[in-house]
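**Q** Let me give you the structure first, and then I'll get to my questions.
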Amino acid sequence: MAIEGPVAIILAAGQGKRMKSDRAKVLHEVCGRPMISYVVDAARGAGAKTIVVVVGYAADQLYAALDGEPDIRFAVQEEQLGTGHAVKVCRPLLEGCEEPIMVLVGDEPLLRPEPLADLLDRQRKEQAACLLGTAEVADPMGFGRILRDSAGRFLRIVEERDCTPEEKAIREVNPSCYVFEPAALWDALDRIGTSNAQGEYYLTDAPEELLRSGQKVVALNVLSADDILGVNTRQHLAQAGAIMQARIQDHWMTEGVSIVDPPNTYIDGRATIGRDTVVYPFSVITGDVKIGSHCKIGPFAHIRPGTTLAEGVEIGAFVEVNRSTIETGSYARHLAYLGDARVGSNVNIGCGAITANFDGVHKHPTVIGDGARIGSNSVMVAPVEIGAGAVVGAGTVVTKGDDVPAGATVVGVPARPISKSTG
Ligand code: UD1
Ligand code: CA
């Protein structure tokens, strides 16, 4: 199958030793998503039609994580001999491709599509054999530094380990965002060596190599410090998470969601929230949660994966909702647990009411019909169904399979019906 360009190569074969982890570094999560997913999104957003992910350490984990994405191909780097070598292993896959190749690294989850699109565009306009994006940062530690001549023209990249003290002071750094003309890339990679502090094939030597052979290389300072935070340690992972969280919240506020206390709120990168919903402090929304408009969430609510809340739902203090659907106008204001529940509209879940969805082996569903009233401290042992308009008295235990008919009132342990006239 012919490769469609532009192509983005994402380097992700390294172990990330400084993470001290059994997991491939690029699969560590930032706001609920593996960091490489953000890089994939940024590459796609910039216009990449084919994405080649270079895998090595824990390759199976990467195959599993990126499974079923039709525009993603994998190239295997058996031994991690350096970033230059990592790009080289993509060559057989990309043979014949004449469109520009963007090279990115999988450990920079904060990359955004716009500056990458800009890089692709500029490479085309400049007809450069290599165009690289750079950034100016307050603390350049860990990055390769950009060396320019007195006229400001790009000379080369020096890795921190190979820097002189003067070079170390340079604050313009290499974020590893390159666009290459393919023939020039393969040619340069054939010529780079390993005479550096780590004895590796450095991709960073490719631009210099191209200049040496008289080709055009342009370095543009178009990336911002926030975009290029590279995750090499758990501390970096936390920093990236904080910046990403602020971006996620900013997005939802722009869409009309009120977030009362942003630093004390957590919203997963996959969640969606409707306008005029208010999220109160200390609320945690994890996974692919869908929250409708005009909802009230928290304080201290925990909304977990697989949950959908329709319009005007209220989930209050110390309420956990997991893999559940709650229809319009229903509320659980205090101290409740709803797991594997299908709750209709205008249902009142009382304080302390829970669904007992787990029998120790399997999870079971609870269905609660429209307008039902679930009393305080009641337990619904799943699988069970509470009919529309039914009333479950305070402290009642509705036992497994003993469905409550629509309109009935049940009380006690185990639940038994009472008639409203005599009860
Ligand atoms: C690299 C750059 C440096 C740049 C920095 C941040 C080189 C030599 N240095 O350094 O100039 O400032 O990124 O962008 O390129 N990888 C492989 N195979 C390998 C080695 C690495 O796939 O053999 C992958 C890693 O999984 C990682 C990425 O390449 O995703 C970067 O590797 P890393 O070791 O983090 O490079 P840095 O030291 O950060
Ligand atoms: Ca890195």
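The values are calculated or read from the model by the stated rules, or taken from the named source; none is laboratory data. Please read these numbers as outputs of a predicted model, since none were measured by experiment. Reconstructed Cβ throughout: ideal geometry from the backbone, glycine too, with neighbour counts over all protein chains shown. Quick note on the areas: whole protein, heavy atoms, side chains included, nothing else; ligands and nucleic acids left out. Shrake-Rupley method; radii C 1.70, N 1.55, O 1.52, S 1.80 Å.
**Q** What do you get for GluC sites (Glu not before Pro) in the stretch 171-279 restricted to DSSP loop and a cutoff of at most 15 other Cβ within 10 Å of the site's Cβ?
**A** For GluC sites (Glu not before Pro) across the stretch 171-279 that sit outside H, G, I, E and B with at most 15 neighbouring Cβ atoms in 10 Å, the list reads 255.
**Q** Tally up the carbon and sulfur contribution to the accessible surface of the chain as a whole percent, 1.4 Å probe, everything protein left in place.
**A** Carbon and sulfur atoms account for 51 percent of the accessible area of the chain.
**Q** Counting other Cβ atoms within 10 Å, keep those with at most 13, restrict to DSSP loop, and tell me which trypsin sites (Lys or Arg not before Pro) in the stretch 74-177 are left.
**A** Counting only loop positions with at most 13 other Cβ atoms within 10 Å, the trypsin sites (Lys or Arg not before Pro) in the stretch 74-177 are 153.
**Q** Kindly provide the helix-only [θ] at 222 nm of the chain, computed as the sum of -39,500 (n - 2.57) over DSSP H runs of four or more divided by all residues, to the nearest 500 deg cm²/dmol?
**A** Helices in the chain give a 222 nm mean residue ellipticity of -6000 deg cm²/dmol.
**Q** Could you name the lysines whose alpha carbon sits less than 30 Å from that of residue 290, not counting residues in the same chain fewer than 8 places away?
**A** In chain and number order, the partners are 25, 49, 363, 400.
**Q** State the dimensionless ratio Rg/Rh of the chain (Rg: radius of gyration of Cα atoms; Rh: Kirkwood radius).
**A** 1.13
**Q** OK, next. Subtract the Cα-Cα distance of residue 358 and residue 247 from 0.36 nm times their separation in residues, and report this length gain in nm to one decimal.
**A** Using 0.36 nm per residue and subtracting the Cα-Cα distance, I get 36.3 nm.
**Q** Would you pull out the residues with amide H under 5 Å of residue 259's amide H, same chain only if 5 or more places away, H placed 1.01 Å from N?
**A** HN-HN under 5 Å from residue 259: 279.
**Q** Would any residue of the stretch 145-163 have its amide N under 20 Å from a label point 7 Å out along Cα→Cβ of residue 125? List them or say none.
**A** 152-154
**Q** Which ³J(HN,Hα) values in Hz, rounded to whole numbers, follow from the phi angles of the stretch 279-290 under the Karplus curve 6.51 cos²θ - 1.76 cosθ + 1.60, where θ = phi - 60° and Gly and Pro get x?
**A** Values per residue, Gly and Pro as x: 10, 8, x, 6, 9, 10, 10, 10, x, 7, 6, 10 Hz.
**Q** Figure the gain on full extension for residue 342 and residue 18 (residue separation times 0.36 nm, minus the Cα-Cα span) and round it to one decimal in nm.
**A** Net length gain for the segment: 112.2 nm.
**Q** Calculate how large, on average over all directions, the projected area of the Cα convex hull of the stretch 258-417 is; give the answer in nm² to one decimal.
**A** One quarter of the hull surface, i.e. the mean projection, equals 8.0 nm².
**Q** For the stretch 7-221, what Kirkwood radius comes out of the mean inverse Cα-Cα distance, in Å?
**A** Evaluated over the stretch 7-221, this radius sits at 17.4 Å.
**Q** Let me ask something else about it. Quick one: what are the phi-derived ³J(HN,Hα) couplings along the stretch 385-390, Karplus 6.51/-1.76/1.60 with θ = phi - 60°, whole Hz, x for glycine and proline?
**A** Values, residue by residue: 10, 10, x, 4, x, 6 Hz.
**Q** Report the charge-dipole magnitude of the stretch 295-340 in Debye, nearest 20, computed about the Cα centre from +1 at each Lys and Arg Cβ and -1 at each Asp and Glu Cβ.
**A** 120
**Q** Starting from the Cα of residue 160, step 7 Å toward the Cβ, then list every residue of the stretch 77-91 with an amide N under 17 Å from that point.
**A** Inside the label zone: 83.
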